[in-house]
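Report on the following structure.
The values are calculated or read from the model by the stated rules, or taken from the named source; none is laboratory data. Bear in mind that the values here come from a model prediction, so they are computed numbers and not experimental data. Heads up, the Cβs are rebuilt from the backbone with ideal geometry, glycines too, and the neighbour counts pull from every protein chain shown.
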Amino acid sequence: MITDPVQVDKVSGQTTTGHEWDGIRELNTPLPRWWLWIFYATIVFAFGYWIFYPSWPLASSFAPGVLGHTNRAAVLADVAFSNQVRKDMTADLQKASLQQIADSPKMLELALAQGRAAFGDNCAPCHGSGGQGQKGYPNLTAGRWLWGGTLDQIQATITHGIRAPNDADTHTSMMPAFGKDGILKADQIRQVANYVRTLDGLAPEQGVDVAAGKKVFADNCVACHGEDGKGNVDMGAANLTTKVWLYGNDINDLVYTITNARNSVMPAWGHRLDPETIKSLAVYVHSLGGGK
């Protein structure tokens, strides 16, 4: 409350405001000069910003400002600059073969870095962030390849995909739906499923005629998977002896696969990614531990 007129404090020499609380009078100390100048500068800056940059809303748009600056234009400029820098850095990748990239420490480092980024953006949702795969999506670290694990084979698979509808050079093998198409009866399917499990060292079900399953395998599966079940990369036929199973080795999983077939699709990335990125992806996938 106000109790006294303005006075001069005897200790500090400052005038008081006339306010007093419990015997303590409030000093009328001015703000520091430096603080005031900063405050005034922010006001001037605000007016300048309103003039030069977009700030004031209009009926259906906004005032563009004298400079015509927009965040979208700034981002597009940054993207264009990044693309130019990337183009200069990847010029060597464009000219080099996959083996030359693998043999050059400098190009290999660049390819692995670019491939890792491209893998995270495009491949990780299916194959996992570390290429470990999941049910229905191959484990790229296990050293088991339907279509081959050399650098060139990996590049071809990435470029053209598997059963991709928009690429004439895509991998196109198709496993018959032995049950759905009426090629085999239900008991034959169960017999051959149990025989396939024995090829991988797994125990068959009790009471199932594995010998009959072997004959069914010889009559229907050998042409693609081979007599020993070790598959054929030229046909995309799986190796059934590696303890690596794309859709699981449970008897019910195998019965379902033989009955209905799977024939999943992988996109043809050559229609979406540039050649340098495809090369980098091939080198990166090869480096995950399963490449040949």
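For the reader, a short list of remarks on this structure follows.
- Test: residue in segment 195-209 that is modelled with pLDDT under 95, closer than 18 Å to Arg144 by Cα and among the small types (Gly, Ala, Ser): yes
- Counted residues, segment 1-54 - those being part of a loop (DSSP other than H, G, I, E, B) and under 20 Å from Val66 (Cβ atoms): 2
- Each residue in segment 192-245 was checked for being touching a residue at least 40 places away in the same chain (Cβ under 8 Å) and touching a Pro at 6+ places or on another chain (Cβ under 7 Å), and 2 of them qualify.
- All positions within segment 96-135 that are surrounded by 11 or more Cβ atoms within 10 Å (Cβ to Cβ) and basic (Lys, Arg): Arg116
- Looking at segment 181-228, the helices (runs of 4 or more DSSP H) lying wholly inside it that each contain 2 or more residues that are touching a strand residue (DSSP E or B) at 6+ places or on another chain (Cβ under 6 Å) sit at 222-225.
- Taking residues in segment 106-130 that are assigned to a loop (DSSP other than H, G, I, E, B), and partners anywhere that are exposed (fewer than 13 other Cβ atoms within 10 Å of the Cβ) and of a type outside the set (Gly, Ala, Ser), the pairs with Cβ atoms closer than 8 Å and at least 6 places apart or on different chains are Gly128/Gln134.
- Any chance Asn239 is surrounded by 13 or more Cβ atoms within 10 Å (Cβ to Cβ) and either within 14 Å of Leu146 (Cα to Cα) or outside the structural domain of Arg144 (by TED's automatic domain parsing) (or both): yes
- Segment 246-270, residues that are in contact (Cβ under 8 Å) with a residue 12 or more places away in the chain and in a loop (DSSP other than H, G, I, E, B): Leu246, Tyr247, Gly248, Asn249, Ala261, Arg262, Asn263, Ser264, Val265, Pro267, Ala268
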